[in-house]
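Read the structure below first, then the notes.
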Amino acid sequence: MAGRLTIKEVSSILQVEESTIRFWEKEFEEYLNLDVQKGQRKRYTQQQLEILSKIKELLHTELYTIKGAKRRLDLDNSIADPLAIQHNFKTTVIYMLSSIMKELQKTQEESRKLAQEVELLRRERNKIAAQLAEEQNKSLLDLLKQKMGLKHLAEE
């Protein structure tokens with residue numbers, strides 16, 4: 001078929017390894033709609049190349065997770081469809097808000113976990129500092145005892 005690209009060509013255009021494209025094919029198969037007959041090599045349409053380019057941008061430039069990139073593609077797809085906006089505006093807005101709320105909840109949970117870890121690290125640091133101070137005091141006390149013991153021996 002004319003106009004279709006090989007994985008090597010797509011790899012060259014996007015400046016990523018072929019293995020990366022294969023990984024994205026598996027992770028984002030519902031967005032790419034690759035239709036490959038048995039015994040035939042995969043060929044990519046211009047639209048699939050654009051989707052792969054968007055995936056690269058989301059993952060490499062905007063640093064989305066796989067899950068986050070999928071959400072973003074879903075959101076972009078619903079916004080790009082003019083009928084979805086005209087006929088399902090409420091649904092689109094609710095979906096967008098729901099996605100934002102999920103991200104916020106996830107971020108809040110991660111923040112709570114980080115705060116707990118920081119508190120544990122502070123406690124551990126304080127414990128170690130106390131142990132260190134105790135050891136230093138012991139060493140100083142031992143040194144003083146030793147010096148005093150030597151003076152005692154010297155006076156006798």
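Work out from phi, with θ = phi - 60° and the Karplus expression 6.51 cos²θ - 1.76 cosθ + 1.60, the ³J(HN,Hα) of each residue of segment 4-21, listed in order in whole Hz, and give x for Gly and Pro.
Coupling constants for segment 4-21: 9, 10, 7, 5, 5, 5, 4, 4, 5, 4, 7, 6, 9, 5, 4, 4, 5, 5 Hz.
Loop only per DSSP, at most 12 neighbouring Cβ atoms within 10 Å: give me the trypsin sites (Lys or Arg not before Pro) in segment 41-80, ordered by residue number.
Values: sites: ARG41, LYS42, ARG43, LYS54, LYS56, LYS67, LYS70, ARG71, ARG72; in loops: ARG41, LYS42, ARG43.
Listed in order of number, the matching sites are ARG41.
First measure r as the distance between the Cβ atoms of GLU124 and ARG22, then evaluate 1/(1 + (r/R0)^6) with R0 = 41 Å and state the FRET efficiency to the nearest 0.05. Provide the component values of the computation, followed by the final result.
On the way: r = 44 Å, r/R0 = 1.07.
That pair, GLU124 with ARG22, gives E of 0.40.
The numbers here are math on the coordinates, done by the rules we state, and not lab data. Just so it is clear, the model here is predicted, and its values are computed rather than measured. Virtual Cβ from ideal backbone geometry, glycine too; neighbours counted across all protein chains shown.
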